[in-house]
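Values quoted throughout were computed directly from the atomic coordinates according to the rules given, and no laboratory measurement underlies them. Given the structure is predicted, the values throughout are model-derived calculations rather than measurements. Quick reminder, even Gly has a Cβ in these numbers, built from the backbone with ideal geometry, and neighbours come from all protein chains shown.
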Amino acid sequence: MTVAVQVRSPVTHGEARPSLRSAGLDLIGISKRFGGVHALNDINLRIAPGTIHALIGENGAGKSTLGKVISGVLQPDRGHIAICNRPVLLRSPREALAMGIATIEQEVSLAPNLSVQDNVFLGAEPRRAGIINRRGLRRLWQETIADSGFHLTGSELVKGLPLGPRQQVEILRAISRQADLIVMDEPTAALGRDESRALHRDIRKLRDGGVAVLVISHFIKEVLALADSVTVLRDGRIVRTAPAREETERSLIEAMLGRPLSSVFPKKTPAPKSHSVLLEGRELVASGLDGISVEVRAGEIVGVAGLDGSGRIELGRALFGELPLASGSIRVAGSPVAMPTPRKLIRRGVSVIPPSRRDDGLFLHRSILENATISCLAEISRAGVIRRRAETRKVAHMLAQLDVPLQRCRDAVATLSGGNQQKVLFARAMMRDPVALIAIEPTRGIDIGAKASIYSLLASLAESGVGILLISSEQEELTGMAHRILVMHQGRVSAELSGPEMTEERILSAAFSNALQPKVGRND
Amino acid sequence: MISSIRSDKHGLRARPALSDVPKTLRRSGIVLPFLALALVLTITSSTFATQANLLNLLDQQSSVLIIAAAGTLVFIAGGLDLSVGAVYALAAVIAGRIAQHEPVVVAMLAGVGVGVLVGFVNGFLAAVLEVNSLIATLAMSFVVTGVAALVTSGNSITLYNRPSYGDLAQTHILTVASSTWVALLVVVVLGLVLWRTVLGRHIYSVGGNPNAARVAGVRVTAVRMTTFVLSGAAAALGGLVDSSRVLSAQSSNGGDALTFAVIAGIVVGGTSIKGGEGAVWRSFVGVIFLALIANGYNLLGLNPLYQQITLGALILLAVGAEPAARVITQWRSLRRNPPVDSPVGSDIHGQSFIVPEGT
């Protein structure tokens, strides 16, 4: 790297910056893997200067990963980014910024206790010998705010601002760094309608000023209204890139739908309606839930669909006693659970597969054995002392059923593949012979072979009479497994689908509900 | 996709072998240096390997061993108890005060009760209110030290007229002092608790991943609370053992020096300060290891000024080895896989970057 810069060597920051503003950005053969999952697979894409370019796709399609590669947060395994036909190295967000690429994250990343102007110039304050030149900063702020046309007070603290203005602060920050490309990840996900409209206006203004804006979104309507061109991603690959005016809601939904996975799913058995309700939530109100009710009967697999932020995950957490309820009640096998906690629900025979095996599932440094038995220690101990032989026998029996290599049950669970880690969580859940199972994203980030075995496991559990709530972001999984599907939107059920209604298209359109078209999904 | 199915069947090893090195090193880490040091001392000093020296060494370390054994549980559950030195002193002066007029047994029970009480307060602050345990127990150590000074009015309490107060530490069974027996009993019992009981498993789970522990049905708050109560009781017992040995108690005994000796022993033994990993036997070896160094300096007549430096360096080695190995691993992998594919095709200089769409 210390050799004199040759014509073809990658540009690193510090050199004269190639003109992103006149040439745009090219992605050439970008691939990125996470474990066994191809998050991005040979992505070739051009982002033209002065345009609004949208990336759209289902959860897990790779759009956020691609955004992170462009903004320097992630480095591609293969392929590169080029400006003006010259490859550039973006090893960190800081280097990307030096190239003129600014990022506005899903979660606004401002310092709440600093003023608006301090936030805008954070890290790039005019200074001399390490001391901030307050007057210079004030002058810069006045120039910047005048150019932008935003109505913000420089001295106000950020923590007092609502989300919309906060996003404006982020945009100003990007502008003040002379950004030529601004990456926005789900910019309107947390905004109300008026704030979204204001943001769209700001984004267009940026474009008219010659800045390229990459908007990552799953709001189809937003993309159609805002973008100049649209790239649809599915399973880490580009389906197509086309001018937005050539696309329709229907064409985009169709492009986003995955390949059929029907061969992977076991045959469905119809769940008799007469069976008793095993797990029930009534009028649940909690953070992210707005008075939702669900019932899971014996032998039934109830699917729950919805976009990120629809309350899908929160429903699972609330039913398991993990989210404090503002109101509503949870019943197991007909009798109510007072002040629900995970411990109480486990004791009543409810098991859970938590949404993230890393964050709230496994003890990564402990052994497979200990991870599997943590919820049923009372059954294999006497006076608080664990009976080792009983424990080993129980685990051996369970792991054999799940096809996890048994000889390694004393190894740390972190040494297993994602699929086998997930099976350890299933072993934990099944150890207690549950009456009901809440499976939240049970196949997230695992390969197709492990997925198939988890599907057949779920099916056999249901057949043996367990009531299963299957919460998933993957439509194929829901249509392939569930007897009926609840589609959630803004903390409520926006559609209940069963039988032939359970198509991925119907799920998507109900999940997009308001964003797509109001009141769709029920009566067509 | 096909390759990933195959690797899954074999139970894919997710980690590269290199990052396992610090782990195995830490797993057996302290044992080898311990044996080496003992060997060196046996060879270089004629007095080291004598029964008198070794028994004396154990006797002197008995209170630290007791406190470190319980402190290990606090560590593994993800906490830290800085109040042990203060509780050690308070328990001793309260027991001493009471023993001047009341039966010794009552005095001792009161001493341990004081430790349990402070442990409860620590646990309430750290587990229920979720105050950072370092801050909570630091503040409590000031409070407790102050209370101990109030109890004694700054004087030393002597118990030469109550010889039975000395029974706890000074009875000899099979030529070994009872203080040592008490310490070994505590180490073994707490070691077994951690290794074989439901509580032990819960302690590991709470320290390793509190969210997951809660989801798995573990009473996270109660488990954390229990570790602090045990730590408080052990600190009090340590104070009683030492005051029983010398038949006197002072509010200035123990204190920060003792607290740091306990933490140093636990850390050198290899219990992770991040929680979720560790063992009581490690802390036993760690405490004795540090005592051997002091003992060695004495026996060999080395300049005691270097003792502190040696001690500090050892602790740094104990806590720094793993992060250092991790940083080195990162550097190596960065050098091996530079962020961008280096060979850039000559077509880069051709003018067009026509994007092959949808292919």
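The length gained by stretching the chain between B:Ser164 and B:Val116 to full extension, at 0.36 nm per residue less their Cα-Cα distance, is 14.9 nm.
Among beta bridges identified by DSSP and lying wholly in the protein assembly as shown, the antiparallel ones come to about 60 percent. Taking square-rooted eigenvalues a ≥ b ≥ c of the alpha carbon gyration tensor, is region A:51-192 rounded, prolate or oblate, where a/c under 1.5 means rounded and, failing that, a/b exceeding b/c means prolate? Since a/c reaches 1.5 but b/c is at least a/b, the shape of region A:51-192 is classed as oblate. With the convex hull of the Cα atoms taken as the outline of chain A, the averaged projected area works out to 28.7 nm². Electrostatic tally near B:Arg162: other residues with Cβ closer than 12 Å to its Cβ, Lys and Arg +1, Asp and Glu -1, net -1.
Principal semi-axes of the equivalent ellipsoid, √(5λ) from the alpha carbon gyration tensor of region A:306-425, are 29, 20, 11 Å from largest down. From least to most packed, judged by other beta carbons within 10 angstrom and beginning with the fewest, B:Leu237, B:Leu168 follow the order B:Leu168, B:Leu237. Rounded, prolate or oblate: which one fits region B:274-321, using the alpha carbon gyration tensor with axes a ≥ b ≥ c (rounded when a/c is under 1.5, else prolate when a/b beats b/c, else oblate)? Since a/c reaches 1.5 but b/c is at least a/b, the shape of region B:274-321 is classed as oblate.
Using the Cβ-Cβ distance between A:Thr248 and B:Val189 with R0 set to 45 Å, the FRET efficiency works out to roughly 0.05.
For the peptide A:370-376, the mean number of other protein chain Cβ atoms found within 10 angstrom of a residue's Cβ is 4.
Note on region A:363-432: with charges restricted to the Cβ of Lys and Arg (+1) and Asp and Glu (-1), its dipole about the Cα centre is near 240 debye. Legend: Rg and Dmax of region B:68-126, from Cα coordinates, 13.0, 41 Å.
I need the calculated FRET efficiency for the pair A:Thr153 and A:Ser287, taking r as the beta carbon distance and R₀ as 30 Å, to the nearest 0.05. According to the calculation, E is roughly 0.45. Projecting the Cα atoms of A:Val158, A:Pro434, A:Gln117 onto the charge dipole of chain A (Cβ charges, centred on the Cα centre) puts A:Pro434 farthest toward the positive pole. Considered as an equivalent ellipsoid built on the Cα gyration tensor, region B:89-236 has semi-axes of 32, 21, 10 Å, the largest given first.
Going through the cross-link list A:Lys221/A:Lys423; A:Lys63/A:Lys205; A:Lys63/A:Lys423, which pairs have a Cα-Cα distance over 31 Å in this structure? The pairs that break the limit, which is 31 Å between Cα atoms, are A:Lys221/A:Lys423.
The length gained on full extension between B:Ala313 and B:Phe142, counted as 0.36 nm times the residue separation minus their Cα-Cα distance, comes to 58.7 nm.
Sorting the segments B:77-87, A:225-235, B:134-144 by their mean number of nearby beta carbons within 10 angstrom, highest to lowest, gives B:77-87, A:225-235, B:134-144. Name the residues of region B:252-295 whose amide N is less than 17 Å from a point 7 angstrom out from the Cα of B:Tyr306 along the C-beta direction? B:292-295, by backbone N distance to the label point. Given in Å, the Rg to one decimal and the Dmax to the nearest whole number for the Cα atoms of the protein assembly as shown are 32.1, 100. The charge dipole of chain A, taken about its Cα centre with unit charges on the Cβ atoms of Lys, Arg (+1), Asp and Glu (-1) only, comes to about 1320 debye.
The mean number of Cβ atoms from other chains found within 10 Å of a Cβ in peptide B:198-210 is 5, as a whole number.
If you add up the charges near A:Val296, with Lys and Arg at +1 and Asp and Glu at -1, over every other residue whose beta carbon is less than 11 angstrom from its beta carbon, what do you get? So the surrounding residues net to 0. Overall form of region A:363-432: prolate. Here a/c, set by the Cα gyration tensor axes a ≥ b ≥ c, is 1.5 or more, and a/b is the larger of a/b and b/c. Counts of other chain beta carbons within 10 angstrom of each beta carbon in peptide A:400-406 average 1.
The length gained on full extension between A:Asp208 and A:His275, counted as 0.36 nm times the residue separation minus their Cα-Cα distance, comes to 18.0 nm. Cβ-Cβ distance of A:Glu496 and A:Ala225, R₀ of 35 Å, FRET efficiency by 1/(1 + (r/R0)^6): the value works out to about 0.75.
Taking the alpha-carbon centroid of each part, what is the distance from region A:373-435 to region A:455-512 in angstrom? Taking the Cα centre of each part, region A:373-435 and region A:455-512 sit 28 Å apart. Based on a Kirkwood Rh over C-alpha pairs, give the Stokes-Einstein translational diffusion coefficient of region B:244-299 at 20 °C and viscosity 1.002 mPa s in µm²/s. The calculation lands on 168 µm²/s.
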